[in-house]
Amino acid sequence: MTGHFICPKCRGHLTVDDHVVFSGKLKNGKSGLLLFDLKLNDDALVTHPNFNFNEGDYIHLYCPICHADLEAKDVHDNLARVIQIDPDGQERQILFSKIHGEHCIYKITDEKIYPFGDASHLYHNMLSEHFLARL
Ligand SMILES: [Zn+2]
């Protein structure tokens, strides 16, 4: 995954170097900044050591610029949404899991859903029905 990622609400740029930056909050109230590596390797998330979480933890994600909740509840409670701007200027929805350890990202285009990550089977069928059933 490359390109520029922006907040769907304020359209502020979320990409810094190779990472997308989010503000995150756990169910226990702990909050902090998250750097999300777009290459989706094992250490895809970088945080301050005081802001730590376990496999399976649900992380609320917010835009670090306007603080909008990046939830995608209209699609699924576990997914968050940002906008990717392709090199040709096209804008695409990017959906990804807010559950720590679920490595999955989906790029939504008009014709196809492109899944990335070793857990991408988890929401793929559901997303296909949601976005492509009308075709
Ligand atoms: Zn924003």
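The residue of region 100-109 that is surrounded by the fewest Cβ atoms within 10 Å (Cβ to Cβ), among those that are more than 10 Å from the chain's Cα centre (by Cα) and among the β-branched types (Val, Ile, Thr), is 109. Count of region 117-129 residues, restricted to those that are crowded, with 17+ Cβ neighbours inside 10 Å and of a type outside the set (A, V, I, L, M), is 3. Scanning region 3-29 for residues that are in contact with a strand residue (DSSP E or B) (Cβ under 9 Å, 6 or more places away or on another chain), free of Cβ contacts under 8 Å to residues at least 40 places away in the same chain and either away from the ligand (no atom under 15 Å from the Cβ) or not in a strand (DSSP E or B) (or both) gives 17, 18, 19, 25, 26, 27.
Of 94, 85, which residue is β-branched (Val, Ile, Thr) and surrounded by fewer than 17 Cβ atoms within 10 Å (Cβ to Cβ)?
The conditions single out 85.
It is to be established whether one or more residues within region 64-76 are more than 16 Å from the ligand (Cβ to nearest atom), open to solvent by less than 50 Å² (accessible area, probe 1.4 Å) and not hydroxyl-bearing (Ser, Thr, Tyr). Yes: one or more hits.
The values are calculated or read from the model by the stated rules, or taken from the named source; none is laboratory data. These numbers come from a predicted model, not from an experiment. Cβ coordinates were reconstructed from backbone atoms using ideal geometry, including for glycine residues, and neighbour counts include every protein chain displayed. Surface accessibility is based on the protein's heavy atoms, side chains included, excluding ligands, DNA and RNA. Shrake-Rupley method; radii C 1.70, N 1.55, O 1.52, S 1.80 Å.
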